[in-house]
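Worksheet: the structure to be examined is printed underneath.
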Amino acid sequence: AEMAAEKESKMKMVQIVNGVPPWLYWLTYFFQFMCLAFCACILWTGVFLGTIAFDCGPLLVFIPLILSHIQVFAIGVIVCAVANKMQDAVGMANIMQLLALIPLVLFNLASKLPPGMNRSQRWCATHPAFH
């Protein structure tokens, strides 16, 4: 939303007219976003390792999280390039985020559970620590 707001206020054009190369403009947004994403990923890695992913290595948890944040940034750049107003950009970004959930829903539908068994019961039944 911040990129779209800056585009709407024409600050991007002012910066480019004043000599800021477009690659540097996008690179600064990327680094700002990645600094915030890195902190969030460290926090979520700790949460996941302490709860559901205690048998995994920290990098196996951290890398997918940071890659998903890079994907979100790429979606933001695409939306910013297409949308002219901030309201349009927010709506398009929300739709694109929902579209990213479709493969997860389809995967969950494809992995049928036996009747009467929920996911935690299946996990406990297959996890070696509970045998």
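The values are calculated or read from the model by the stated rules, or taken from the named source; none is laboratory data. All of these numbers come straight from a predicted model, not from anything done at the bench. Neighbour counts are summed over all protein chains in view; Cβ atoms, including those assigned to glycine, are modelled from backbone coordinates with ideal geometry. For the accessible areas, the whole protein counts, side chains as well, though only heavy atoms, and no ligand, DNA or RNA atoms are used. Shrake-Rupley method; radii C 1.70, N 1.55, O 1.52, S 1.80 Å.
If you sort Trp26, Trp44 by accessible surface, 1.4 Å probe, largest first, the order is Trp44, Trp26. In percent, what relative contact order does the stretch 29-86 have, based on Cα pairs under 8 Å that are 6 or more apart in sequence? Rounded, it is 36 percent for the stretch 29-86. A Förster distance of 25 Å, applied to the separation of the beta-carbon atoms of Ala81 and Leu60, puts the FRET efficiency at 0.15. Model label points for Gln15 and Phe30, set 7 angstrom from Cα along the Cα-to-Cβ axis, are 1.4 nm apart.
Mind giving me the FRET efficiency for Ala40 and Ile70? R0 is 22 Å, r the Cβ-Cβ distance, nearest 0.05 is fine. Computed FRET efficiency for Ala40 and Ile70: 0.95.
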